[in-house]
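> Have a look at this one.
Readers should treat all values here as calculations from the given coordinates under stated rules, not as data from a laboratory. Values in this document were obtained by computation on a predicted structure and should not be read as measured data. Heads up, the Cβs are rebuilt from the backbone with ideal geometry, glycines too, and the neighbour counts pull from every protein chain shown.
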Amino acid sequence: MELIPQTIQAVRDRMAQAAQYAQRNPDDITLIAVSKQKPIADIIAAYEAGVRHFGENRTEELAEKSIALAHLTDLKWHFIGHLQSRQSQEVAKYAHYFHALDRVSIAEHLSNQLTKLDRQLSVFIQVNVSGEATKGGFICHPWQTQSQQLEILIQSIKQIVTLPNLSIQGLMTMAPWNASDATLHSIFKNMAELALYLPTQLSNLPILQLSMGMSGDFEIAIMEGATHVRVGSAIFGERYSK
Ligand SMILES: *Cc1c(COP(=O)(O)O)cnc(C)c1O
């Protein structure tokens, strides 16, 4: 098996190539190494190879790893999993970014907890633009014609922007895992267009970043405008369960 510094270099090379192809600056794209189910030693190896952003999808694992690595003060934790409100305390306490914000109530929960902890959290709003039923997020499929779904998203964002200690960073999506390249291009492109459209309907919104692309599709996501890619198995090897 390849060593972690080598797999990271390979992923970075592929990211740079995709960026070059799309005439984008590779420095505008953040690599999030998804370390879920992987040991602390793997995270340290990736950190030593220059990675500073790590993704986890279970709150207990986030808490445990964040406590164990608290001495690495420039390491940033991204919580990328679905979040139940009874588990939101861990995310408020340990995460720097949350990528799967899918309802106003969880945003309110987090905001209250963050305010008490005097912490800030950057959030990505999860959007389902592919219509695949198993994927979470605000359903917007297709957002150009589903005006009711789009209105729910806009009204929700309107409420989320006002919440203290929470700042909207952008949108996140997950593509179906077995889609063709052409479908992936169209899903990611659709997201990029939605990210440009929303600020025209809402004041107080920053330029929206795009968290999209995983091991199997990050190059296509970068070609379509991803600013954050979440890459697990291409760096750390296969996981043994989902
Ligand atoms: C596990 C996971 C990833 C990484 O998946 P790989 O295919 O291993 O790169 C990315 N995003 C989310 C939300 C995940 O749960």
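> It is to be established whether one or more residues within the range 182-192 are among the polar types (S, T, N, Q) and on the phi > 0 side of the Ramachandran plot. Before you say what the answer is, go through the steps one by one.
As a first pass, look at the range 182-192 and keep what is among the polar types (S, T, N, Q): 183, 186, 190.
Applying the additional criterion that residues be on the phi > 0 side of the Ramachandran plot yields none.
No, the range 182-192 contains no residue that is among the polar types (S, T, N, Q) and on the phi > 0 side of the Ramachandran plot.
Conditions (1) closer than 26 Å to L194 by Cα; (2) part of a helix (DSSP H, G or I); (3) over 12 Å from the mean Cα position of the chain (by Cα), marked per residue:
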{"site": "I43", "(1), (2), (3)": "no, yes, yes"}
{"site": "G50", "(1), (2), (3)": "no, no, yes"}
{"site": "E60", "(1), (2), (3)": "no, yes, yes"}
{"site": "K65", "(1), (2), (3)": "no, yes, yes"}
{"site": "L72", "(1), (2), (3)": "no, no, yes"}
{"site": "R86", "(1), (2), (3)": "no, yes, yes"}
{"site": "E90", "(1), (2), (3)": "no, yes, yes"}
{"site": "E108", "(1), (2), (3)": "yes, yes, yes"}
{"site": "K116", "(1), (2), (3)": "no, yes, yes"}
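> Could I ask something else about it? Taking A92 as meeting all but one of (1) out of contact with any Leu (no Cβ under 8 Å at 6 or more places or on another chain); (2) away from the ligand (no atom under 16 Å from the Cβ); (3) not polar (S, T, N, Q), write down the number of the exception.
(1)
> Within the range 159-166, does at least one residue satisfy the condition of being among the β-branched types (V, I, T), crowded, with 16+ Cβ neighbours inside 10 Å and in a helix (DSSP H, G or I)?
Initial filter on the range 159-166 (among the β-branched types (V, I, T)): 160-162.
Of the ones still in play, those that are also crowded, with 16+ Cβ neighbours inside 10 Å are 160-161.
Going one step further and asking which of them are in a helix (DSSP H, G or I), we end up with 160-161.
For the range 159-166, residues among the β-branched types (V, I, T), crowded, with 16+ Cβ neighbours inside 10 Å and in a helix (DSSP H, G or I): present.
> Could you go through the range 174-185 and let me know if any residue there is in a loop (DSSP other than H, G, I, E, B) and away from the ligand (no atom under 13 Å from the Cβ).
First, the residues of the range 174-185 that are in a loop (DSSP other than H, G, I, E, B): 174-180.
Next, only the ones that are away from the ligand (no atom under 13 Å from the Cβ) stay: 179-180.
Checked against the condition, which is being in a loop (DSSP other than H, G, I, E, B) and away from the ligand (no atom under 13 Å from the Cβ), the range 174-185 yields at least one hit.
> Considering only residues of the range 215-237 that are near the ligand (Cβ under 8 Å from one of its atoms) and part of a loop (DSSP other than H, G, I, E, B), which is surrounded by the fewest Cβ atoms within 10 Å (Cβ to Cβ)?
G216
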